Amino acid sequence: MAGSDALFFLLSSMPVLSWPLFVAGNQRWCTEVIANIKYQCMDQNLSRIPAEIPSTTQQLDLSFNPLLILTPKYFAKFPSLKVLDLTRCSIDVIEDDSFGGLRNLTVLILTGNPLRYLGDRAFYGLLSLRKLSAVDMNLSSLYDLPIENLLVLRELNLRRNNIKSLKIPEFFRNLTSLQILDLHSNKISHIVIEDLNIFKEVNMPNLTIILSNNVINHIEPGTFKDIHIHKLSLRNSFQSNSIMRTCLHGLVGLQVNKLELGSFYSIKPEIKFEDELLDGLCQVEFQEVILICFKDLSNEKHTLFDCLSNASSIRIVNFDLVKLSAIPEFARLSYLELKNCLTVDVSLGKLASWRTLKTLKVTNCFHNTIFISKFYGQVQHVSLDLTHNQMIVNECCSNENLGTSYLRYLNLSFNSGIKITSNFEGLDELLSLDFQYTKIITRIGQIPTFLTLDKLLYLDLSYTSTHFFIQCAFCGLESLQVLKISGNSFERNILSQVFRNLTDLKVLDISNCKIEGMSSSAFSDLKKLQELTISHNKLTVLDPTAYAPLLSLSILDFSCNQLSFFPENALKSLPRLLVNLDISQNPFDCSCTHLSFLQWTQKQKSVLQNIQHMTCFSPSHLNSVKVMNVTISSCYTRFNLTPLAVSVGVLLPAALTMFLVYKCYVQQYFRLVLSRFCMDSREEEDKYDAFVIFSSKDEEWVMTELVEKLERGLPPFRLCLHFRDFIPGIPIATNIIQEGFLKSRKAIVIISDHFMESRWCGFEFELAQSWQFLEGNAGIIVIVLEKVNKSQLRQTLGLHKYLRRNTYLEWKDSRLDQHIFWMRLRKALMDGKPWGARERESL
Amino acid sequence: MNIFTTAVSAFFLFYVLESKEWPMHTICREPDLEWYYRSCDPLQDIGVSIEPCSKSLLETTYVKIALLLRRDFKWLTAKLNVFIQSLKVFSYSYSLCEPTSAYYTFCGRRKGELVYFEGPVKFGIQTIPQGEYNVSLELFNEDNYNIGCANITLISR
């Protein structure tokens, strides 16, 4: 029973043991982002805060859970909370003091909760709250929010509510720290004179008011008079040009740093550039103006920008502008950005040549950028950014070409082409030069071009189709810190000298330059280099002496080369400060000959990047295997232990199982079959002392000798005889088992020629043998009645063998022999007879 | 018998995985053209509609996409890949939102807000050639987090 029990337990215990784990796994609703500090429980169908959140938590994200109602002191268990996200928690009731105890809370996000009831004291106790997000919460008025006690509030986000009036409540007087009042996408249509009275009394120079995406029909003139704020945003706030024009007149008297006007992308744009559209801005005092998403009516414009003449910064983004016949005198314009122009009038180019201009950015205006010929900025620290314009610059780059000697920042990247016609004469102030992805024609790489740029810090010539012929390509760049020249090519012999004297260089990118080998002296002057990228080249071997001088190197990228291994001396000499090393996508040789390299990779796991892309190329059986997964241990032993381990692993459990099954089957199953017959006879066990197996033809001997001597002798033995004790009406086989074997202690087998002839006797004898085997004790007593024919003996299965191996009794004619015979038989029958029975019977 | 039952139930306990796939939606079905899509965003189903349902792309095609934000974004990039029998035939990526030039009204929206885009899309071809196309449309934020995702199947006869 033990074997099968063990098996059953093993299988049945699997789910039992693992069930608690399974449940526990499900109960972890939240992700621990930072232990004890930050927890993320988004979208877990929680109706309350899970118990697993520790009280030390500072940032808790409960968004998208059906919390429904916030009751007083709901979060009191978490006094350290700083950020609480309750986005879309189906909260419709926030009772008084719901956030009680959250003295440290700085950010509260309530976006998307369908609020029906908000207690007057709902936000009490939030002494540190800086940001309150009440987006999309059905608020119909600024008075709906009881926030008078949020004294340090900086950002109030009320987008997508149903607020109809800009009437600022009296309690805003207390919110002196307020910086952002976002009313994007509300229902404000009329702004009247008393709405902003509070801001006339309390000065809020850092406040940004966003009124975009409201449908404003009227702004009463004087509303903004004497109001000084940081920014006013009015995008997509006016339905037509005429409404916009009159509303801008309503801004009279406003003082603002930034003014954002325009619309968003829409299928039918409403607002178009035309004269008088911006005339209202003449009565507004502002520094920066952002005009975004304007179309053009194609009519002649003379006065469009007249009221922008005092602006110091103008950004025009996503626009069409044609037929601009006049621009005003800009007194202070220092920043001009034109971005994503669809069409633009040539005269706008005059803006670019404004003398006060410090920064000019014209990007993504590729249809019309030839107009920027000269940049006349005559002030210090000028920067020019002309990226993404599909420009062809025919003359570059000297102070005469660009019109200024004060250029610090020049970006001509992502254009079509630049013809370098001069050696940056007169541009001594240049700090940053970016030509990436613009084809460079002539000079650079052929003659020393940068000799005058001794202040340059940043140079990007990536993918400029430059071929570096000369060793002195970068001569003169004494201060250079960043050099990016990926996607170009080098003359074979110049690499050893080309980076000479760049002693301040910190970042060098020479990826994708078709480099086949690195000269040992290439980096000898780059003592300060921190970041080196040599990826996507054709390096086949690594010369450690080349990298030895790089004492400050912390990031090194060798990915996508042809390196098959790193030699031992290279592994030792790689700079010790390395934090990031990328050697991925190389065709590594993972055979045991490079054992030290394989060992090294496993040791350097924390430094190596993109480990998942480090794969073996050879030997063939390891092709595409990840380098980290190669088993180094196989290199230590001569023969491979794996098949042996596998066969032991498989065969041992199989043998064990077979053994258990065998034991289980033979011992238990057979017993079960037998016991089927004796379910009710257990108490009658040992009813007989012996079951006598004999042929009916020997019945006479049995009756006269055996029964006479044993049943009537002392002590008397009770024998089971088939003709006398078998119950009639029951099959013979059943009788043999039920009456014969199961109720008898022993079996006496009487062997004679008749016995051999009888099929029933053979059956009974075989059964007796099995029975003896199962009971595990000597139960069969064999009596050979007469000399048996040997050949016949052999034919009876098992009997011959049995007689050769076991002691048996022989019936002989002499009286002495018979006396010994009975003595031995009685002794054999006495064995195992219960004492009580023996005594009872002997009395 | 008991052992067998236990073993089978144990197997199912451990190996029945939760499979979550959004339903397939039909955008339009005409005799010569069919559009279907399925959200590949693990967190939500999304809404996509394309009008008119025509093989000819001479008229302006209007696309509408609606989804609920599960993350904030400042930058938003759309990535479009077209496959014919798992062979990529067309790839396009476009920057929809930048912090300094919010072109679309949904730019700068935060978690929990609804993003709704409606607008004309130019395909650059006049008619959709015969065949079955798989189009994957993905939206990413500045952290490369997937803001929205749809697998579109297009059958042109």
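Need one value for B:98-111: mean number of C-beta atoms belonging to other chains within 10 Å of its residues' C-beta atoms.
Mean number of neighbouring Cβ atoms from other chains: 6.
Hey, could you grab the Kirkwood Rh for segment A:506-635? Inverse mean 1/r over distinct alpha carbon pairs, Å, one decimal.
On the way: mean 1/r = 0.0675 Å⁻¹.
Computed over segment A:506-635, the radius equals 14.8 Å.
Using +1 at the C-beta of Lys and Arg and -1 at the C-beta of Asp and Glu, which of A:His218, A:Thr601, A:Phe172 has the Cα lying farthest in the positive direction of the dipole of chain A?
A:Thr601
Please label the shape of segment A:689-804 as rounded, prolate or oblate, based on the square roots a ≥ b ≥ c of the eigenvalues of the alpha-carbon gyration tensor (a/c under 1.5 means rounded; beyond that, a/b larger than b/c means prolate, else oblate).
rounded
In nm, to one decimal, how far is the modelled label at A:Phe773 from the one at B:Ser49, with both set 7 Å along Cα→Cβ?
8.2
Hey, rough spin-label estimate for A:Thr71 and A:Arg116, points 7 angstrom out along Cα→Cβ, what's it come to in nanometres?
1.8
If you scale each eigenvalue of the Cα gyration tensor by 5 and take the root, what three semi-axes come out for segment A:31-182, rounded to whole angstrom and sorted largest first?
Details: eigenvalues 124, 57, 35 Å².
Each semi-axis is the square root of five times an eigenvalue, giving 25, 17, 13 Å.
Which lysines does A:Lys827 reach when only Cα atoms under 29 Å apart count, and residues fewer than 8 places away in its own chain are ignored?
Here the lysines satisfying the reach criterion relative to A:Lys827 are A:Lys687, A:Lys697, A:Lys709, A:Lys743, A:Lys746, A:Lys787, A:Lys790, A:Lys801, A:Lys812.
Near A:Leu254, within a Cβ-to-Cβ distance under 15 Å, what is the net charge of the other residues, with Lys and Arg +1 and Asp and Glu -1?
Residues near A:Leu254 contribute -3 overall.
If each DSSP helix of 4+ residues adds -39,500 (n - 2.57) and the sum is divided by the residues in chain B, what number results at 222 nm, nearest 500 deg cm²/dmol?
Helix contribution divided over all residues of chain B: -3000 deg cm²/dmol.
Measure off, as a whole percent, the carbon and sulfur share of the 1.4 Å-probe accessible area of chain A, all protein chains present.
Within chain A, the accessible surface is 54 percent carbon and sulfur.
Roughly how many Å² is the accessible area per residue of segment A:506-635, as a whole number, for a 1.4 Å probe?
Accessible area per residue, segment A:506-635: 46 Å².
Of all beta bridges DSSP finds with both residues in segment A:506-635, what is the antiparallel percent, to the nearest 5?
Within segment A:506-635, antiparallel bridges account for around 10 percent of the total.
Where does chain A land on Rg/Rh, using Cα atoms and the Kirkwood Rh? Please list the in-between numbers first.
Details: Rg = 50.4 Å, Rh = 38.2 Å.
Rg/Rh for chain A comes to 1.32.
Any idea what the dipole of chain B comes to, in debye rounded to 20, about its Cα centre with Lys/Arg Cβ at +1 and Asp/Glu Cβ at -1? Spell out each step's value before the answer.
Numbers: 15 positive and 17 negative charges, 32 e Å.
Result for chain B is approximately 160 debye, rounded to the nearest 20.
Please give the calculated 222 nm ellipticity per residue for chain A, where each DSSP H segment of at least 4 residues contributes -39500 (n - 2.57) and the sum is spread over every residue; nearest 500 deg cm²/dmol? Before the final figure, lay out the partial values.
Numbers: 19 runs with 167 residues, N = 843.
Rounded to the nearest 500, it is -5500 deg cm²/dmol.
Given a Förster radius of 25 Å and the C-beta distance between B:Asn134 and B:Ala66 as r, what FRET efficiency does 1/(1 + (r/R0)^6) yield to the nearest 0.05?
E(calc), rounded to 0.05, equals 0.70.
Using per-residue counts of other Cβ atoms within 10 Å, averaged over each peptide, order A:242-249, A:709-716 from highest down.
Working: A:242-249: 17.9, A:709-716: 13.2.
Top of the packing list down: A:242-249, A:709-716.
Which number do you get for Rg(Cα) / (2.2 N^0.38 Å) in segment A:96-151?
1.06
Per-residue mean of other chain beta-carbon atoms within 10 angstrom of the beta-carbon, peptide A:156-164?
1
Enter the angle in degrees (range 0 to 90, nearest 10) between the Cα long axis of helix B:2-15 and the first principal axis of the Cα atoms of chain B, meaning the one along which they spread out most.
20
Run through every distinct alpha carbon pair of chain B and return the Kirkwood hydrodynamic radius in angstroms, one decimal place.
Hydrodynamic radius (Kirkwood, Cα only) of chain B equals 17.8 Å.
State, in square angstrom and to the nearest 100, the accessible area buried between chains B and A, both chains counted, probe radius 1.4 Å.
2700
Which lysines, if any, have their Cα less than 20 Å from the Cα of A:Lys323, not counting same-chain residues under 8 positions apart?
Cα-Cα hits under 20 Å: A:Lys272, A:Lys295, A:Lys301, A:Lys339, A:Lys350.
A:Phe763 accessible area, nearest 10 Å², 1.4 Å probe?
A:Phe763 exposes around 70 Å² with every protein chain in place.
Give the ranking of A:Asp525, B:Asp143 by solvent-accessible surface, highest area first, calculated with a 1.4 Å probe.
B:Asp143, A:Asp525
Obtain the radius of gyration and the Kirkwood radius of segment A:188-327 from its C-alpha atoms and give Rg over Rh.
That ratio equals 0.95.
Can you give the local net charge around B:Ile147? Use residues other than it whose beta-carbon is closer than 9 angstrom to its beta-carbon, Lys and Arg +1, Asp and Glu -1.
Result for the neighbourhood of B:Ile147: 0.
For q values of 0.11, 0.23 Å⁻¹, compute log₁₀ I(q)/I(0) with the Debye formula on a Cα-only model of segment A:356-475, without solvent.
Those come out to -0.32, -1.51, one per q.
On full extension of the chain, what length is gained from A:Val93 through A:Lys626, given 0.36 nm per residue of separation minus the C-alpha to C-alpha distance?
Values: separation 533, 0.36 × 533 = 191.88 nm, distance 5.57 nm.
Difference between extended and current length: 186.3 nm.
What does the charge count around A:Glu220 come to, taking other residues whose C-beta lies under 15 Å from its C-beta (Lys +1, Arg +1, Asp -1, Glu -1)?
0
The values are calculated or read from the model by the stated rules, or taken from the named source; none is laboratory data. The shown structure was predicted, so the numbers you read here are calculated from the model rather than taken from an experiment. Every residue, glycine as well, gets a Cβ built from its backbone with ideal geometry; the counts of neighbours run over all protein chains shown. For accessibility, only protein heavy atoms count, side chains too; no ligands or nucleic acids. Shrake-Rupley method; radii C 1.70, N 1.55, O 1.52, S 1.80 Å.
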